[in-house]
Amino acid sequence: MTSITTAVFPVAGLGTRFLPATKAIAKEMLAVVDKPLIQYASEEAVAAGMDTLVFVVGRTKNAIIDHYDKAYELETELELRKKDEMLAVVQAVVPAHVHCVFIRQSEALGLGHAVLCAEPAIGNKPFAVLLPDDLIYNKGGKSCIQQMVDVYKEKQGSVIGTQIVDRSESHKYGMVGGPKLSDRLSRIDEIVEKPSPADSPSDQAVVGRYILTPAIIEILKSTQRGAGNEIQLTDAIAELRKSEEIYAYNFEGSRYDCGSKIGYLQANVEIALQHDELASDFCDYLKKLNIEPSKDRLKLCK
Ligand code: UTP
């Protein structure tokens, strides 16, 4: 059985919703509490057994490349100052067995095009795609991509991460439809990019986690521009469905859409409330604002 060892991170979008923060850096480098969004995603992939991380980068590539490169000067300085804990934090960004590849998407032609750009690093093997601006958190449980790898192992077909949303939001997502196979799993019979609520096949929306068979690459080569005049991964998946079974998996966990300001703020609050050093002080601060954290979160307060 082919295991999933390659993870693609398309990080070449323009990030217009976060301007001016994203004028010089990719939105995936924005920090949630103390870690850039991209690192949440790369850690999720590595923990699920992936050892080849492919970053499809755009005009704001430098900070991302630097983040995954060895930082000789910083590491030497931390060593000299005996800041061993911080040195370990810096060195853990790329574990020793992990290999990073950077590929340039010279024009932001869409997510489908970004995935196609990764072709030289993917080869003829199934691979994962993680959109770091979807921060997915499942404290104490399996990560979203790990849950999907488990489904892939069983089904040996492409698996798309999904979530139930309010139907009125369908115009923001790829939407899927198809018969339910078990509690969280269904077969995809239909997939449409950003339909109006009336045209949406269901209330099940695609989120930024995919496991794809390599056949998608050939399809992407002939995929025409679709919604938003971009080459859409969703359109290529709709084409792939004609020749292979594809599954939708409603992951267990919480998703924060960090491509939007409100989702990004929510992620910061939620992660701060789970943070070993910060949770207690942050809870006190919320109480001062007269915001009472819910019961399960109160446990984290002093
Ligand atoms: P978004 O749809 O969020 O677009 O991309 P965006 O350009 O990043 O952000 P806004 O809407 O202008 O604020 C979804 C994911 O696909 C990547 C993005 O980096 C993000 O991870 N992407 C998108 C690319 O890598 N290349 C593209 O051409 C488009």
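The values are calculated or read from the model by the stated rules, or taken from the named source; none is laboratory data. All of these numbers come straight from a predicted model, not from anything done at the bench. Here Cβ is always computed from backbone atoms with ideal geometry, including for glycine, and neighbour counts include all displayed protein chains. For the accessible areas, the whole protein counts, side chains as well, though only heavy atoms, and no ligand, DNA or RNA atoms are used. Shrake-Rupley method; radii C 1.70, N 1.55, O 1.52, S 1.80 Å.
Here are the numbers:
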| item | result |
| --- | --- |
| Relative contact order for the chain, counting Cα pairs under 8 Å that sit 6 or more residues apart, in percent | 20 percent |
| Exposure rank, largest accessible area first [222, 280; 1.4 Å] | 222, 280 |
| Span from the segment 251-289 Cα centroid across to the segment 88-146 one, whole angstrom | 24 Å |
| Linear extension gain, residue 139 paired with residue 84, 0.36 nm per residue minus alpha-carbon span | 17.1 nm |
| Separation of the residue 169 and residue 244 label points, Cα + 7 Å toward Cβ, nm | 2.9 nm |
| Two-site FRET efficiency, residue 2 against residue 284, from Cβ-Cβ distance with R₀ of 51 Å, rounded to 0.05 | 0.55 |
| Segment 186-302: relative contact order in percent, alpha carbon pairs under 8 Å with at least 6 residues between | 21 percent |
| Relative contact order, percent, segment 129-236 [alpha-carbon distance under 8 Å, six or more residues apart] | 30 percent |
| Charge dipole (debye, nearest 20) of the chain; +1 at Cβ of Lys and Arg, -1 at Cβ of Asp and Glu | 340 debye |
| Folded to 0 to 90 degrees: helix 261-274 orientation relative to the chain principal axis, Cα | 50 degrees |
| Packing rank of 245-253, 29-37, 128-136, where each peptide gets the mean count of other beta carbons within 10 Å, highest leading | 128-136, 245-253, 29-37 |
| Residue pairs, from the table 261/287; 172/242; 35/287; 23/172; 180/242; 27/288, whose Cα atoms sit over 27 Å apart | 27/288 |
| Net charge dipole size for segment 95-209 [Lys, Arg +1 and Asp, Glu -1 on Cβ; Debye, nearest 20] | 420 debye |
| Residue 261-residue 23 FRET efficiency (beta carbon distance; Förster radius 22 Å; 0.05 resolution) | 0.90 |
| J(HN,Hα) series, segment 244-251, from Karplus relation 6.51 cos²θ - 1.76 cosθ + 1.60, nearest Hz, glycine and proline x | 9, 6, 10, 10, 10, 10, 7, 5 |
| For the chain, share of DSSP beta bridges that run antiparallel, in % to the nearest 5 | 60 percent |
| Whole-Å distance, taken between Cα centres, linking segment 10-85 and segment 186-249 | 28 Å |
| Antiparallel bridge percentage (DSSP; both residues within segment 1-71; nearest 5) | 25 percent |
| Normalised alpha carbon radius of gyration of the chain [divisor 2.2 N^0.38 Å] | 1.02 |
| Protein accessible area in segment 167-302, 1.4 Å probe - carbon and sulfur % | 48 percent |
| Residue 96 paired with residue 73, simple spin-label distance in nm, labels 7 Å along Cα-to-beta-carbon | 2.7 nm |
| With every protein chain in place, segment 26-68: carbon and sulfur % of accessible area (1.4 Å) | 46 percent |
| Tilt relative to the chain, helix 37-47 - C-alpha long axis, 0 to 90 degrees, to 10 | 70 degrees |
| Charged-residue dipole, Cβ positions (Lys, Arg, Asp, Glu), segment 203-290 about Cα centre, Debye nearest 20 | 280 debye |
| Positive-pole candidate from 141, 112, 159, dipole of segment 110-160, charges at beta carbon | 141 |
| Spin-label model distance (nm) - residue 154 vs residue 65, 7 Å beyond Cα toward Cβ | 4.2 nm |
